[in-house]
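The values are calculated or read from the model by the stated rules, or taken from the named source; none is laboratory data. If you're wondering where the values come from, they're calculated on a predicted model, not measured in any experiment. With ideal geometry, Cβ positions are generated from the backbone for all residues, glycine too; neighbour counts draw on all protein chains shown.
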Ligand SMILES: Cc1cc2nc3c(=O)[nH]c(=O)nc-3n(C[C@H](O)[C@H](O)[C@H](O)COP(=O)(O)OP(=O)(O)OC[C@H]3O[C@@H](n4cnc5c(N)ncnc54)[C@H](O)[C@@H]3O)c2cc1C
């Protein structure tokens, strides 16, 4: 449980950014992850008055603002169609609808949690984040950056040729994933994203074109993922188990994306 001394519902991003420069001050998303910690917050910075709870689109991209809930993202028809159900699949296992109505995109992506289903999935799509101070940055770069006091304003899901499928394995429904996987296909290259290792998601590129070569190629690429990616133990699973399951998910995902299999989960 966290404690808050002062609460400010800001009227601009500039005000939020200035307040957030003090170490003891904290931006509030849905507050669900913060609630699990023991932080003493001097000033809680609430972004909910800034109209950042909308998903908009133009011909180039979807613009997903920071205070959009995971549930809004999950049931957005345009994003569901555009991503072939991948985004919905990455969200539907997270706890329950009530929880997904409260958890925000900003908290989920800014938090850069190793277990994050949406982070792993969005890395398989053509995404950027917009930070108040640093501006627009590819999501793949953002996940490698050290946490600082910037503010995530929105996630930009670009409308390109990129297609992805998302798969995860859980010990029981609604638990955290034991391993997660997005397979991604596009003119700029094919790759897999492996998350919940249990640390940050990593990208494994298919430089040899294995994923275009059918069953044998999918198997070889899955073995490459198993060899190249580091997996570790935690209370949910051993690294060895994660490595095994990652190979299975990669092959299933490849079958869905390159083989046209309807069911990949
Ligand atoms: C019990 C439980 C189970 C969960 N299970 C899963 C799961 O299976 N899979 C999964 O993917 N996720 C899971 N999550 C994580 C959840 O989906 C959210 O990612 C998480 O709660 C963070 O979202 P939030 O809105 O609650 O963020 P908060 O708790 O409000 O914030 C998280 C962090 O991000 C910062 N922050 C928030 N918004 C911004 C912003 N716009 N700019 C800069 N910094 C910001 C906060 O200061 C804080 O440091 C679980 C969470 C809980 C509590």
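At-a-glance table
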item: Tally of residues being assigned to a loop (DSSP other than H, G, I, E, B), surrounded by 10 or more Cβ atoms within 10 Å (Cβ to Cβ) and away from the ligand (no atom under 12 Å from the Cβ) across segment 1-18; result: 2
item: Among (1) near the ligand (Cβ under 9 Å from one of its atoms); (2) on the phi < 0 side of the Ramachandran plot, the one test that residue 178 misses; result: (1)
item: Hits in segment 199-216 (condition: in a loop (DSSP other than H, G, I, E, B) and without any contact (Cβ under 8 Å) to a residue 60 or more places away in the chain); result: 206, 207, 208, 209, 213
item: Which numbered condition residue 147 fails, given (1) within 13 Å of the ligand (Cβ to nearest atom); (2) at pLDDT 95 or above; result: (2)
item: Entirely in segment 149-198, the strands (runs of 3 or more DSSP E) that have 2 or more residues that are touching a residue at least 60 places away in the same chain (Cβ under 8 Å), more than 20 Å from residue 247 (Cβ to Cβ) and within 14 Å of the chain's Cα centre (by Cα); result: 152-158
item: Residue that is buried (at least 19 other Cβ atoms within 10 Å of the Cβ) and assigned to a helix (DSSP H, G or I), where the choices are 221, 231; result: 221
item: Output for segment 110-119, where each listed residue is in contact with a helix residue (DSSP H, G or I) (Cβ under 8 Å, 6 or more places away or on another chain) and within 8 Å of the ligand (Cβ to nearest atom); result: 111, 113, 116, 117, 118, 119
item: Positions within segment 58-70 being touching a residue at least 40 places away in the same chain (Cβ under 8 Å) and away from the ligand (no atom under 11 Å from the Cβ), in sequence order; result: 59, 60, 61, 62, 63, 64
item: Residue match in segment 28-38 (condition: over 21 Å from the mean Cα position of the chain (by Cα), part of a strand (DSSP E or B) and either within 24 Å of residue 116 (Cβ to Cβ) or in contact (Cβ under 8 Å) with a residue 60 or more places away in the chain (or both)); result: no
item: Failed item, numbered, when residue 130 is tested on (1) assigned to a strand (DSSP E or B); (2) in contact with a helix residue (DSSP H, G or I) (Cβ under 8 Å, 6 or more places away or on another chain); (3) within 11 Å of the ligand (Cβ to nearest atom); result: (2)
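So that you can scan it fast, the table gives a plain yes or no per residue for (1) within 11 Å of the ligand (Cβ to nearest atom); (2) part of a helix (DSSP H, G or I):
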site: 72; (1), (2): no, yes
site: 78; (1), (2): no, yes
site: 81; (1), (2): no, yes
site: 88; (1), (2): no, yes
site: 95; (1), (2): yes, no
site: 98; (1), (2): no, yes
site: 107; (1), (2): yes, yes
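Table: residues versus (1) in the same structural domain as residue 148 (by TED's automatic domain parsing); (2) surrounded by fewer than 15 Cβ atoms within 10 Å (Cβ to Cβ).
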| site | (1), (2) |
| --- | --- |
| 20 | no, no |
| 27 | no, no |
| 34 | no, no |
| 37 | no, yes |
| 59 | yes, yes |
